[in-house]
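The values are calculated or read from the model by the stated rules, or taken from the named source; none is laboratory data. Keep in mind that what you see is a predicted model, and the values were worked out from it rather than measured. Neighbour counts are summed over all protein chains in view; Cβ atoms, including those assigned to glycine, are modelled from backbone coordinates with ideal geometry.
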Amino acid sequence: MISIPIIVVKLITLSLSLSIAYLAFYAYRRSESNPMFYVSIGFVLIGIGAICEGLILNTFNTSLFSAALIQAVLVSVGMLLILRSIMADSEQQNI
């Protein structure tokens, strides 16, 4: 059983990351800036990664290693997308 404080913190992390993703997507729609789209998707993946470990562990009865690996992959891909958006933005300014 997962304790209540852990669930609360995970839900706060999920809501914050999804709020940032929404704002980034809104900025993408207004300015049609592709880097903002990558920021939006990146924060969605980070938010999903924040809660998926416990869900996978309890729902599918997998090992802790498998659940942590899936979480780490999701968060890493999200961060790579955010990094790509930063790099793409700096490349566009140099043109």
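Quick notes
- Whether a residue is modelled with pLDDT under 95, more than 20 Å from Ile70 (Cα to Cα) and surrounded by 15 or more Cβ atoms within 10 Å (Cβ to Cβ) was assessed, and Pro35 passes this test.
- One residue stands out among those in segment 5-27 that are out of contact with any Ser or Thr (no Cβ under 6 Å at 6 or more places or on another chain) and of a type in the set (Phe, Trp, Tyr): the one that is nearest to Leu80 (Cα to Cα), which is Tyr22.
- Every residue from segment 27-74 that is more than 11 Å from the chain's Cα centre (by Cα) and among the hydroxyl-bearing types (Ser, Thr, Tyr): Tyr28, Ser31, Ser33, Thr59, Thr62, Ser63, Ser66
- Cβ separations smaller than 7 Å between residues 6+ apart or across chains give the following pairs from segment 51-66 residues that are without any contact (Cβ under 8 Å) to a residue 12 or more places away in the chain to residues that are assigned to a helix (DSSP H, G or I) and surrounded by 17 or more Cβ atoms within 10 Å (Cβ to Cβ): Leu57/Ala67; Thr62/Ile56; Leu64/Leu57.
- When Ser85, Ser76 are screened for being of a type in the set (Gly, Ala, Ser) and loosely packed, with under 14 Cβ neighbours inside 10 Å, only Ser76 passes.
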